[in-house]
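These notes are about the structure you will find just below.
Readers should treat all values here as calculations from the given coordinates under stated rules, not as data from a laboratory. Please read these numbers as outputs of a predicted model, since none were measured by experiment. Glycine also receives a Cβ, built like all others from the backbone with ideal geometry; neighbour counts cover every protein chain displayed.
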Amino acid sequence: MQRDPMADDDSGSPGTSVPGRPTAQELDVLKHVPLLAAYFQRARTEMPPELRGIFDAHGLTARHGAVLTQLLTGKPASVTELAARLGVSLSTASQLVGNLSDAGVVERREDPSNRRRTLVSLREQHRPAVESFVATRSAPLLRAMAGLSARDRAGFVAGLAAWIGEVQP
């Protein structure tokens, strides 16, 4: 029988589960989620003015921002690759890329080695604003991660990946 990682101990005390109710340790984890929600909600206010103006003028959302983050490597990505990385359908990824292209933030071009593929890249004139925004928004996470042991960092990343796997369609 696999041990419940959320249980406090094997004695049946605080970690003991009551059907339909979170355990004390689960509640200790869950109390942090609303604090993260507030952090994510203020993202638009921390955007460089140039980027915020584009997002506001074109009705772009956090989902569009996620595409831009994927394009920061500098290497063009196919729409199919973006869909897989973001955990969305191909049609959703195509729509997001289309919106970003219409806003002038990304460029689409035919893959010279496979004309059926569309490659997407961040327009160079917008790279500094996107890099600045990502650096600002990621700084708290990177500081927190730096304070963890290698084992705890690996566990944290594994936990995030597991959570993402549960919430993505």
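Taking a ≥ b ≥ c as the square roots of the eigenvalues of the Cα gyration tensor, the range 100-162 is oblate, since a/c reaches 1.5 or more and a/b is not larger than b/c. So if we plug the beta-carbon distance of L35 and E81 into 1/(1 + (r/R0)^6) with R0 = 35 Å, what FRET efficiency do we get, rounded to 0.05? After rounding to 0.05, the efficiency reads 0.60. FRET efficiency for the D111 to R44 pair, using the beta carbon distance and R₀ = 35 Å, is estimated at 0.60. Taking the Cα centre of the range 47-116 as origin and assigning +1 to Lys and Arg Cβ atoms and -1 to Asp and Glu Cβ atoms, the resulting dipole is close to 200 debye.
Given R0 = 25 Å, the distance between the Cβ atoms of E124 and T92 translates into a calculated FRET efficiency of 0.45. Cα centroids of the range 62-124 and the range 134-169: 24 Å apart. When Lys and Arg each count +1 and Asp and Glu each count -1, what net charge do the other residues less than 15 Å away from S121, Cβ to Cβ, add up to? Local net charge: +1.
Each eigenvalue of the Cα gyration tensor of the range 28-167, multiplied by 5 and square-rooted, gives one semi-axis; in descending order these are 28, 19, 15 Å.
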